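Here is the structure we will look at, set down as structure tokens.
Every number in this text was worked out from the coordinates using simple rules, so none of it is lab data. None of the values given here were measured: they were computed from a predicted structure. Counting neighbours? That spans all protein chains shown, and the Cβs are built from the backbone with ideal geometry, glycine included.
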Amino acid sequence: MTFLDRTTDARKFRHWEGNVEADYIYTSGVAGERFFIALRDEGRMLASRCTVCKLDYLPPRMFCEDCFAELTEYVDVAQAGRVAAVTVAHVDRTGAKLSHPQVWAFVTFEGIRGGLFHRLLVAPKLARAGLSVQARLKPRDGRTGTIADIEGFEPVHSRF
Amino acid sequence: MTARISRWPGIELRAADLIEGKVTQTRFRPDAKYAWSAGEAMSRFLEELQNGRFIARTCHKCERILFPPRMFCEECFRPTDAWTFIHDTGTIETFSVSYLDTDAKRITEPILVGVVSLDGASPKMGMMHYFGGMTKDEIRIGMPVKAEWKPPGDRRGSVLDILYFRPLREGER
């Protein structure tokens, strides 16, 4: 082997294996705290509002991206949203194959800047942008104040 | 805080607040596995220690024998060419008489450590190790020494497969 050949597998040689203990706790922040507490305790989804720019933010943030004002007003997000984009995952985040493909979607809401990235609770072949969807929440005792308090988004049942 | 600022803006959280779950949070443990390799040259070097011998690399351009072995000649900027065994005897280049042990604890009986250049390698090529079989008053720079190996069954392919370097005896090589 010359020095131009790269060794990509350290285990070919005498080696030491380990696991970096890089545990972390990431807090939600001021606006995120409001969002998750409302989601957990009341099953509501909140957006923060900039009254000057007439803009609502989801997930809520503490400052307006346009005018840098501190945002203190919160409003409820509409029940129904719209699927802006979908993707079907066949492997998990470690790269292991999933037993069933998972559908993920970015869901936006009328008049709100931003949106939520979450599971789309439909069969992969039915997943498409444009679907009208609503959040399906976990029951109150199962909610812990994380994004997983939402099980996913399911199609809004049509009246027809 | 400073003389002018008694309180920083923002919300202070103590470690206990996080542990008690006073605020919503995400906890994560990344699966950050690694394998750290000694590399091609040093792996062979360690394996040969288990066999009770020292191996070096030669560079055919500068005609040096590099020890500890490396796959790249830092003088010629080219890959080294061949493996070669060298002797387990050498010369003390430099030493320290240490009254601190490996945990930096104070000790009364000093340990002797230093650099030994090995016979068969290019001048000044050597390694750091312990010296034994001599006192702090007997040790000197230029002293000929020989590796005192652990019994073959106790060797693990580690630099500690050598117990220490001891004085070379009369008629020994």
**Prompt:** How about chain B: what cysteines have no other cysteine beta carbon under 4.7 Å from their own?
**Reply:** B:62
**Asked** By how many degrees, 0 to 90 and rounded to 10, does the Cα axis of helix B:39-50 deviate from the longest principal axis of chain B?
**Response** 60
**Item:** Helix axis angle, A:29-42 relative to chain A longest principal axis, alpha carbon, degrees
**Value:** 70
**Asked** Size of the dipole of chain A about the Cα centre, Lys and Arg at +1 and Asp and Glu at -1 on the beta carbon, nothing else charged, in debye to 20?
**Response** 640
**Asked** Which values, in whole Å and largest first, are the semi-axes of the equivalent ellipsoid of the range B:39-167 obtained as the square root of 5 times each eigenvalue of the Cα gyration tensor?
**Response** 28, 17, 13
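So for chain B, averaging the separation of alpha carbon pairs under 8 Å that are six or more residues apart and normalising by length, what relative contact order in percent results?
Values: 290 pairs, mean separation 31.5, N = 173.
Relative contact order of chain B: 18 percent.
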**Fill in**
Taking B:164-173, A:98-107, B:112-121, B:149-158 and ranking on average Cβ neighbours within 10 Å, highest first, one gets B:112-121, A:98-107, B:164-173, B:149-158
**Prompt:** Normalised by the residues of the range A:29-155, what does the relative contact order come to in percent, with Cα pairs under 8 Å and at least six apart?
**Reply:** 23
**Complete:** Across A:23-36, the residue-averaged tally of Cβ atoms belonging to other chains within 10 Å stands at 4
**Message:** What whole-number distance in Å separates the alpha-carbon centres of the range B:130-173 and the range A:103-155?
**Reply:** 70
**Request:** Compare the Cα positions of B:11, A:47, A:26 along the charge dipole of the protein assembly as shown (+1 at Cβ of Lys, Arg; -1 at Cβ of Asp, Glu; about the Cα centre) and return the one farthest towards the positive end.
**Result:** A:47
**Asked** If you take the C-alpha gyration tensor of the protein assembly as shown, multiply each eigenvalue by 5 and take the square root, what semi-axes do you get, largest first, in whole Å?
**Response** 67, 27, 19
**Message:** With 15 Å as the cut-off, how large is the P(r) tail for the range A:91-146, expressed as percent of Cα-Cα pairs?
**Reply:** 62
**Fill in**
Magnitude of the Cβ-charge dipole (Lys and Arg +1, Asp and Glu -1) of the range B:20-138 about the Cα centre, nearest 20 debye, reported as 600
**Prompt:** Rounded to two decimals, what ratio of Rg to Rh does chain A give with C-alpha atoms and a Kirkwood Rh?
**Reply:** 1.13
